[in-house]
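Colleague: Okay, here's the structure, questions in a sec.
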Amino acid sequence: MPNLSERFTPTQLAEAITAKRTGMKLSLVDVSEALSISKPTLVKIEKGDTNVKLANLLKVMEYLGLSFSLLSDDATSKAETEVSDDWY
């Protein structure tokens, strides 16, 4: 698994996906066929290519049991992060 104490990068995510897939003893073909995505697309995801569709990246992560956690920036005030229904 990648070093999670470093700043997050696409390469870290790619390494985590590859480590999870290989740890589950799944081949590229197994995952690409199960998700109906091309093997080249999966290879791009595992190389950290940022030109892949987010939907495909999320499909792979969900299939492998990986997820994102969104954290707010400490510099952001509470007032800026509150959700309002006043948009309409």
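The values are calculated or read from the model by the stated rules, or taken from the named source; none is laboratory data. Everything numeric in this text was worked out from a predicted model, so none of it was measured. Quick note on the areas: whole protein, heavy atoms, side chains included, nothing else; ligands and nucleic acids left out. Shrake-Rupley method; radii C 1.70, N 1.55, O 1.52, S 1.80 Å.
Colleague: Take the residues in region 21-66 that are in a loop (DSSP other than H, G, I, E, B) and closer than 14 Å to Pro10 by Cα; name whichever of them is least open to solvent (accessible area, probe 1.4 Å).
Modeller: Here the residue is Gly48.
Colleague: Please determine whether any residue of region 27-49 is under 15 Å from Gly65 (Cα atoms) and among the β-branched types (Val, Ile, Thr).
Modeller: yes
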